[in-house]
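Heads up, the thing below is written out as structure tokens.
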Amino acid sequence: MEEFVTENQNTSSTKKFELNIDSLLDISVEISVEIGRTKMSIGQLLAMSKGSIVELNRLAGESVDVYVNEKLLGKGEIVVVNERLGVRVTEIVTPKEMVQKLG
């Protein structure tokens, strides 16, 4: 396994560590996309059957949330690529917005 940190010697007796960014490029992350949410009672849930429609809190065509390791990365729009669904990232949240989402 590659080392993430390399050690450099200063002229003094203290050691300095630098991060080797190239070592991080192969780390896998989980990306998920949320198209909407809803709440329903257990009774409504049990009444569902094949063909039931679950209405979400977003409008058709509204942007979706893109998450990386369960942390909001930004917003996007649903696209079709080679008959598969995909997301075009349209906005990256700022660090300030990320902090506001935590509270």
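A count restricted to segment 62-87 and to residues that are in contact with a strand residue (DSSP E or B) (Cβ under 8 Å, 6 or more places away or on another chain) and loosely packed, with under 12 Cβ neighbours inside 10 Å stands at 4.
Of all residues in segment 51-68, those that are under 18 Å from R88 (Cα atoms) and not aromatic (F, W, Y) total 10. Quick check: anything in segment 10-22 of a type outside the set (D, E) and at pLDDT 80 or above? The answer is yes, given that some residue of segment 10-22 is of a type outside the set (D, E) and at pLDDT 80 or above.
Conditions (1) assigned to a loop (DSSP other than H, G, I, E, B); (2) under 28 Å from Q100 (Cα atoms); (3) of a type in the set (D, E, K, R), marked per residue:
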residue	(1), (2), (3)
D22	no, no, yes
M40	yes, yes, no
Q44	no, no, no
M48	yes, no, no
G51	yes, no, no
L59	yes, yes, no
K75	no, yes, yes
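Total residues in segment 78-103 satisfying the condition of being modelled with pLDDT of 90 or more and more than 14 Å from the chain's Cα centre (by Cα): the figure is 8.
The values are calculated or read from the model by the stated rules, or taken from the named source; none is laboratory data. For clarity, every value in this text was computed on a predicted model and none was experimentally measured. Methodologically, a virtual Cβ is constructed for each residue, glycine included, from the backbone with ideal geometry; neighbour enumeration extends over all protein chains shown.
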